[in-house]
1. Given Cα positions, please report Rg to Rh for the protein assembly as shown, the hydrodynamic radius being the Kirkwood one.
2. How well do other chains shield peptide A:74-83, expressed as the mean number of their Cβ atoms within 10 Å of each residue Cβ?
3. Before anything else, pin down the relative contact order of chain B: Cα pairs under 8 Å, at least 6 apart, normalised by residue count, whole percent.
4. List the residue from chain A whose beta-carbon is nearest to the axis that rotates chain A onto chain B, together with that distance in whole Å.
5. Which one of B:83, B:10, B:29 is farthest out on the positive end of the charge dipole of chain B, using unit charges on Cβ (Lys, Arg +1; Asp, Glu -1) and the Cα centre as origin?
6. With a bin width of 5 angstrom, please list the P(r) values of chain B as percents of all Cα-Cα pairs, from the 0 bin to the one holding the largest distance.
7. Rounded to the nearest 500, what is the 222 nm mean residue ellipticity of chain B from helices alone, with -39500 (n - 2.57) per DSSP H run of 4+ residues and division by all residues?
Number of protein chains: 2
Amino acid sequence: MPSVFDALSHPIRRDVLELLKRGGMSAGALADHFDVSKPTMSAHFAKLREAGLIQGEQCGGHIIYTLNLSTLEEALHGFMSRMGMNLTIPEDDQ
Amino acid sequence: MPSVFDALSHPIRRDVLELLKRGGMSAGALADHFDVSKPTMSAHFAKLREAGLIQGEQCGGHIIYTLNLSTLEEALHGFMSRMGMNLTIPEDDQ
DNA sequence: TTGTCATTTAGTTATTTAGCTAAATTCCTA
DNA sequence: TAGGAATTTAGCTAAATAACTAAATGACAA
């Protein structure tokens, strides 16, 4: 069971989270953004899933991944408060 | 050259950063907090150094490691602004 | 300058990670 | 229900990581 910080240690996985910031995307659409094979991307998705950072939902013939921002917030908040920093989340744009 | 996120991926290294939050400590004093050998700790220090998160200064027969908080802030700030979060650093206690 | 303590380097091992291709699975659609 | 697209699983390889012990280095102190 990889921690959030393990999941964040690979640049592709950080990029995936950013792509998901504005809404869900299918595994294939996500994979198209990166220059590695789809099975490799599938393994990255699995690591993000196991860390609780994303979740996938079967939707038609696709799987739509969505960001679980609260897991990320919680992990960063926990670490940063240990380090004496504060995290603030801005209000949603409307 | 490991990134800040690589350096943060090991729990011992995150704990080292927290121990250094309030000031410098020698390699030996830091190592005493963990249940691994000193050479193993030396490798963890090296990774933190290469990521720019700590620096060591020869001081008497010891090496004093100090936190480079700005590197951590910059990396977290960079990632969090990509993710639509904000980081604030509270004023120093006086 | 020799001894001692602190730290790092060397060298080894086991495990994990990241990547690939090929095959299996899943789920729609015709 | 057969075909086809999307995704994951299996199985493999190479490289990186984390750990250890033993040896080397560095820096003071007697």
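Bear in mind these aren't lab numbers, they're just calculated from the coordinates by the rules spelled out. Small disclaimer: the values here were computed from a predicted structure and weren't measured. No Cβ is skipped: glycine too gets one built from the backbone with ideal geometry, and neighbour counts run over all protein chains shown.
1. Working: Rg = 18.6 Å, Rh = 18.1 Å.
Using Cα coordinates only, the ratio equals 1.03.
2. Mean shielding by partner chains, rounded to a whole number: 4.
3. Normalised by residue count, the contact order of chain B is 29 percent.
4. A:9, 2
5. Going by the Cα projections, it comes out as B:10.
6. Distribution as computed: 3, 13, 23, 24, 18, 11, 6, 3, 0, 0 percent.
7. After summing the helix terms and dividing by the residues of chain B, the value is -14000 deg cm²/dmol.
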